[in-house]
Amino acid sequence: MGKEPATDDKAFIELDGLEKVFQVRRRAGLLRRERREVRAVDGISFRVPRGEIVGYIGPNGAGKSTTIKMLTGILMPSGGRLRVAGIDPTRDRTRLARRIGVVFGQRTTLWWDLPLRDSYGLVRRMYRIPDARYRANMERCVDLLDLGDLLDVPVRQLSLGQRMRGDIAAALLHDPDVLYLDEPTIGLDVVSKAKVRGFLRDLNAERGTTVLLTTHDLTDIEQLCGRVMVIDHGRLVYDGALDGLHKVGESERMLVVDLERELPPIDDVPGTRVDRVEGPRQWLAFPAARSAAPIVAAVAERYPLVDLSVREPDIEQVIARLYADRPGL
Amino acid sequence: MAERLASWSHAVRAYLLIAGMWVRSTMTYRASFVLMAVGNCLASALDFVAILLMFSHIDALGGFTLPEIALLYGATCTSFGLADLILGNAERVGQRVRDGTFDTLLVRPVPVLAQVAADRFALRRLGRIAQGLAVLGWGVAAADVAWTPLKALFLLVTVVAGAAIFCAVFLAGAAFQFWAADASEVANSFTYGGVTMLQYPPTVFARDLVRGVTFVVPLAFVNWLPVLRLLGRDDPLHLPGWVSLCGPLVAVLLLGLTGLVWRAGLRSYRSTGS
Ligand SMILES: Nc1ncnc2c1ncn2[C@@H]1O[C@H](COP(=O)(O)OP(=O)(O)OP(=O)(O)O)[C@@H](O)[C@H]1O
Ligand SMILES: [Mg+2]
């Protein structure tokens, strides 16, 4: 029985029947208070091998953030077993902290009143990052996340997107083995989103950092995650490839066509259905798993086209369909 | 034991690290720092000015002369100032628990208490300590005490133990906020009320109240009993003489106890929904 459990690379993050129950008190009448249990995480089990990027998605209140808080040691689980890099987060929170990086999209882990540079200096000394490594990591983050002009700005003066990039850098200066990202692209513009995604992809490829990512933006998942887990009401309802999710959820993509003039609904293209018509613009839905090319070709052949675009399925819709298929959950 | 020692030094290191960073960042505005420190000093000096004014009408308050009161006041003020400097910011933890930013302290590899205590470390609080030391110094010089090295040491220990006890009170106040996130107000009236009361000699107050303070809130160990001993006075409760020597012991016990309460509070932290 060694004190340091050997880390199993196939189960770098390991959850076994993890539960979190919140006792909430609610006003029920003038003086009466009602105690109610919220099962935020209700028996979740999964394993994430080292070096994988996993998307962790689900509707609001599904229990994503709560899971991450238990994985980082912020919250004590109410039940179940939990290991990250062989460490039990509740028992060894500070030791685990050296191995993980955390980014909360909703709030900063930086010091509100300090310039980024000072925050990073503090991180360096807290984590005891060797000088050479700190300098190399700094250079890389500043370069790839475009932080050069922001280093002397107090965190409270940064815009949301700037702050988020600053936060991501802060979480990576100590070369964590695991990176948790709770909605890291929330509120970012297209350019920043692309930058962040590219950065994460490189990080994973070069350092083998294991990444667990929650998001409401399907594009994040598509571009980053080979595997996606969906939870709802604290339970895992899907765990597999993103394509599979589309199949299971019977999700649809949307072909938006702008015609030269108003025409009757386009109902003669096989495999599509008209979702909406607004003047010369029409929305054609088709299964997400199908290629758009033949449909586009068929429409272009028969109708006077001005413009067209393909909309990816909305993650909420995918998920909503997924539940519709699983009434028991 | 060695492990515990290591974790202590780790915590202290982290504390100094964060505190140092705040000091550096306030020092960038040196003029404003000096103004704040002086302001802090003057504000806490007003208390003593009130006592001085009182003494312009009377010669003794509750049988105590002005230098004796200066000794009482200066000792408490210095103790409190030290505790306030070291741990005064811990009470901000309630705010952090309420708005969920406490989460971020838990993902860093240094003890949470060190982070909480050193957060926004304000060196301007040296102002209060300076003022306390000045009054104490005058009291020491002017009071009718035949000073010996032993008595000087006793005074020093008293001030340090007092600071430790105030630290325990601050810590308890901070820990309490895990359960009642808006307990900040209650804790405040507790510590600050306690300070004002301790600056006056005990015979001014009703006997029962003094008894309550001695036994229920061991703040009395901060300076009443020890300073009374230094002055060669009887305490109004006629406790045995050794009680006035217990300050350090009480301080250690209290710190240990409130440390456990803090831990329990930490375990019950439940974050926020967003
Ligand atoms: N500190 C708390 N106290 C009480 N209930 C909580 C707490 N934190 C979360 N909950 C509840 O637990 C459930 C899961 O919340 P959680 O924040 O994990 O959802 P989420 O999946 O992250 O949602 P979102 O997509 O909106 O971020 C919700 O019903 C929420 O109300
Ligand atoms: Mg969330």
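Considering segment B:120-147, the residues that are within 14 Å of chain A (Cβ to nearest Cβ) and modelled with pLDDT under 85 include one that is surrounded by the fewest Cβ atoms within 10 Å (Cβ to Cβ), namely B:Arg120. Condition test on A:Gly187, is it within 15 Å of the chain's Cα centre (by Cα) and surrounded by fewer than 21 Cβ atoms within 10 Å (Cβ to Cβ)? So A:Gly187 passes the test.
Taking (1) within 21 Å of A:Lys195 (Cβ to Cβ); (2) away from ligand 1 (no atom under 16 Å from the Cβ); (3) modelled with pLDDT of 90 or more; (4) not basic (Lys, Arg) in turn, A:Met126 satisfies each apart from (1). Checking each residue in segment A:56-81 for being farther than 18 Å from A:Gln106 by Cβ and touching a helix residue (DSSP H, G or I) at 6+ places or on another chain (Cβ under 6 Å) picks out A:Gly73, A:Pro77. Annotation note: of A:Arg163, A:Arg227, A:Arg207, the sole residue that is surrounded by fewer than 23 Cβ atoms within 10 Å (Cβ to Cβ) and either closer than 19 Å to A:Gly105 by Cα or within 16 Å of ligand 2 (Cβ to nearest atom) (or both) is A:Arg163.
Checked against (1) surrounded by 15 or more Cβ atoms within 10 Å (Cβ to Cβ); (2) more than 26 Å from the chain's Cα centre (by Cα), A:Leu150 meets all criteria but (2). Right, A:Phe12: within 16 Å of ligand 2 (Cβ to nearest atom), in contact with a Gly (Cβ under 9 Å, 6 or more places away or on another chain) and at pLDDT below 95 or not? No; evaluated as a whole, the condition is false for this residue.
Checked against the criterion of being within 19 Å of A:Thr215 (Cβ to Cβ) and in contact with a strand residue (DSSP E or B) (Cβ under 8 Å, 6 or more places away or on another chain), the candidates A:Thr109, A:Thr185 yield just one match: A:Thr109. Only a single item in (1) away from ligand 2 (no atom under 16 Å from the Cβ); (2) in contact with a strand residue (DSSP E or B) (Cβ under 7 Å, 6 or more places away or on another chain) is not met by A:Thr90, and it is number (2). On inspection, B:Ala75 does not qualify as of a type in the set (Gly, Ala, Ser) and closer than 30 Å to A:Leu96 by Cβ. Per the conditions (1) at pLDDT 85 or above; (2) open to solvent by 20 Å² or more (accessible area, probe 1.4 Å), the sole criterion not satisfied by B:Pro109 is (2). Note on segment B:8-31: residues that are in a helix (DSSP H, G or I), open to solvent by 60 Å² or more (accessible area, probe 1.4 Å) and not β-branched (Val, Ile, Thr) amount to 7. Looking at segment A:45-136, none of the helices (runs of 4 or more DSSP H) lying wholly inside it contains 1 or more residues that are open to solvent by 30 Å² or more (accessible area, probe 1.4 Å), away from chain B (no Cβ under 11 Å) and free of Cβ contacts under 8 Å to residues at least 12 places away in the same chain. Here segment A:280-318 is the region considered, the condition is being in contact with a helix residue (DSSP H, G or I) (Cβ under 7 Å, 6 or more places away or on another chain) and among the β-branched types (Val, Ile, Thr), and the residue that is modelled with the highest pLDDT is A:Val318. Taking the condition of being away from ligand 2 (no atom under 16 Å from the Cβ) and touching an Asp or Glu at 6+ places or on another chain (Cβ under 9 Å), how many residues in segment A:93-117 meet it? Qualifying residue count, segment A:93-117: 9. Considering (1) in a helix (DSSP H, G or I); (2) modelled with pLDDT under 75; (3) within 14 Å of chain A (Cβ to nearest Cβ), the lone condition that B:Gly265 does not fulfil carries the number (2).
The values are calculated or read from the model by the stated rules, or taken from the named source; none is laboratory data. Note that the coordinates shown come from a computational prediction; the quantities given were computed from them, not determined experimentally. Here Cβ is always computed from backbone atoms with ideal geometry, including for glycine, and neighbour counts include all displayed protein chains. Just the protein is used for accessible areas: all its heavy atoms, side chains included, with ligands, DNA and RNA removed. Shrake-Rupley method; radii C 1.70, N 1.55, O 1.52, S 1.80 Å.
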